[in-house]
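Heads up, the thing below is written out as structure tokens.
Coordinate-derived values only; no laboratory data. Bear in mind that the values here come from a model prediction, so they are computed numbers and not experimental data. Cβ coordinates were reconstructed from backbone atoms using ideal geometry, including for glycine residues, and neighbour counts include every protein chain displayed.
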């Protein structure tokens, strides 16, 4: 009976993303199952496309028009049943295509592409150079003819076990020697995946964890949920420096004792080195990493290590939530408030939601951890949907840093035009004299942030994006931080009227230059997206700072959270006002979190800490609450605002984005979709929702495309998602995708 496979093809749009049926050829019948990656002929021209099999079955009389699958990937490339379930989950919840969900879970190196071989189309791995020859001793070295010293050395080296060609070459043994020994039957050779220990330099140095009474109480509260082998969730809320990581480590230790595995998520690549170091020292080499700073080979080998069951712990950024880890007992989301846990491209998922799904499937404990939890997470804990575990004291009884405000209006009135206040300079000098370290936060890269004409007021904007371009002094160029467009050299005259351009505003490059002038001899380390482009740069920079090679760490928000340095006693916050008055309903939450987190980097060891916040609004209540590290008071204020204005957690927030090359067409398409949705919603009045817009997005043009949005306050349940699918189907029937493509985001702060 003919076998039929239903597949989802790559490069589909949301409007024709459905399952297509194909005949399975006899020679592939034993190799194709749900989850298999296959190559299929697609469309009028039968062009080869990658696809994933989601259903298999048999039909007595299949449609004679069905095409036949061309090729299938090896069995180890098949998606496991739990990952197939996640594919369905992502497509249903994020409105991505089937294949976008698949690609989110599989690293680039494990993906396939069409290739022509011997006149037919086959699948070819995107990355093939992941194996190396490994030699094994299988016989004794014959004494006649008399073997040479290199042959004897090779045999001796291999008596303790197989070695790779690279390892043997390091001992002076050539390929010619190894080839001769293989021909004699003394050695055998096979291709194996490269063994990649990314953390070989970190010693395995397990030490008993010493928990404070409060940390022990937190662990004791969570441990029963860990051993229950049922889906459980908790919020570990603790002030900065309270020792949440030690509680994690104890939970991971218990998880491994139970024979289960742990997944640890961190929000930034800059936080992985410290977490990796602590995990490797305590638990050894059965640790794998998944994040974007790894090259394709490294990421593939780490992924295969996880897939083959050789990793007990996986640590990584957002995408690590898809790691093919089995029998997960514990999932930790550290600094759970961070926006980086939300994907900004398809599939637009939240790592929180995927982690909840995996914890439910595995019967695992999910722990959210933060000193400044998301309002929604803390509300869930207050409502009893999560267990709330609290750490109120810094580890060792150390006090929180003292905080002072510096009024930048007074600085300007006193004749100081610089971005760094006189008071902050004096405090930095004190730290330099004492041999102590300082961290300065400025969440803006570049040198000058605005180029404006002094005559007509024209601001130089990116031609592709409706945002001002930023001046970068090292490159002597204006750069767009969204699409990467550059104007080089930076212009001095206005392109509109020929008037003189004034460069104003400040970024990390400008502040670094000021500090070098004000503090000659100070060793300053700037850490932002421009300075961390090279491989392993985060780890190298943080290791240098920890070793005392720098006095001042100046950086964007990557320096604000999770880092732990004993000699840091001074923290300075610059340029926070632009965030304070930013758009989006999370603006105050983001400011409170960032200021609280960076203040908490100081005074984490024996030396007391202090913090200075530069602002033009020193009396602002959010800054005052952040300075006091009073999260409960901030939460009470924020939850009242959310309830009054109807924002999450009191509703779901869905942004429908429309993009296209013609602004008028995009606007028309957005209004047409709004009418379609309103008409469908009128027929189902039991579905609660509010429509706002359409309106241009905050950044109205990005990468040469105009952008509009429709904002929906709703309840994100199956009925609402069915309503949205109906609206999308009708949008496609009216051929509106030709005017504007559509994307949905349920994790937005008000824009996309």
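Tabulated data
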{"read-out": "Normalised contact order of region 213-396, rounded percent, pairs of Cα under 8 Å and 6 or more residues apart", "value": "37"}
{"read-out": "Neighbour-count order for 407, 118, fewest beta carbons within 10 angstrom listed first", "value": "118, 407"}
{"read-out": "Convex hull per residue volume in Å³, alpha carbons only, for region 652-745", "value": "80"}
{"read-out": "Ranked list, fewest to most other Cβ atoms within 10 Å of each Cβ, for 440, 86", "value": "86, 440"}
{"read-out": "For a label point 7 Å along the Cα-to-beta-carbon line of residue 630, residues of region 359-398 with backbone N under 20 Å", "value": "371-375, 378-379, 391-394"}
{"read-out": "Within the chain, helix-based [θ] at 222 nm, where runs of 4 or more DSSP H residues each add -39,500 (n - 2.57), nearest 500", "value": "-9500 deg cm²/dmol"}
{"read-out": "Ranked list, fewest to most other Cβ atoms within 10 Å of each Cβ, for 592, 322", "value": "322, 592"}
{"read-out": "Theoretical FRET efficiency, 1/(1+(r/R0)^6), r = Cβ-Cβ of residue 725 and residue 360, R0 35 Å, to 0.05", "value": "0.90"}
{"read-out": "Region 131-193, relative contact order in percent, only Cα pairs under 8 angstrom and at least six apart counted", "value": "56"}
{"read-out": "Debye equation applied to the C-alpha atoms of region 351-424, log10 I(q)/I(0) at 0.28 Å⁻¹", "value": "-1.28"}
{"read-out": "Anisotropy class of region 416-559 from Cα gyration tensor, a/c 1.5 cut", "value": "oblate"}
{"read-out": "Calculated FRET efficiency for the pair residue 392/residue 160, C-beta based, R₀ 60 Å, to 0.05", "value": "0.65"}
{"read-out": "Cβ crowding within 10 Å averaged over residues, with 358-368, 538-548 ranked highest first", "value": "358-368, 538-548"}
{"read-out": "Along principal axes, Cα extents of the chain, largest first, whole Å", "value": "90, 73, 62"}
{"read-out": "For region 537-647: Kirkwood Rh in Å [reciprocal of mean 1/r, alpha carbons]", "value": "15.2"}
{"read-out": "Length-normalised contact order of region 3-125 in % [C-alpha pairs under 8 Å, at least 6 apart]", "value": "28"}
{"read-out": "Share, in percent, of DSSP beta bridges within region 213-396 that are antiparallel, nearest 5", "value": "5"}
{"read-out": "Centre separation in Å (Cα based) which lies between region 233-290 and region 705-752", "value": "38"}
{"read-out": "Three-way shape call for region 3-125 based on the alpha-carbon gyration tensor, with the a/c threshold at 1.5", "value": "rounded"}
{"read-out": "Spatial separation of Cα centroids for region 117-171 and region 47-99, in angstrom", "value": "38"}
{"read-out": "Point-to-point label distance, residue 205-residue 115, nm (Cα→Cβ direction, 7 Å offset)", "value": "4.5"}
{"read-out": "Largest to smallest principal axis extent of the C-alpha atoms in region 213-396, angstrom", "value": "43, 36, 32"}
{"read-out": "Ordering of 36-43, 686-693 by burial proxy (mean other Cβ atoms within 10 Å per residue, highest first)", "value": "36-43, 686-693"}
{"read-out": "Protection proxy ranking of 220-227, 60-67, 460-467 - average other beta-carbon atoms within 10 Å, highest first", "value": "460-467, 220-227, 60-67"}
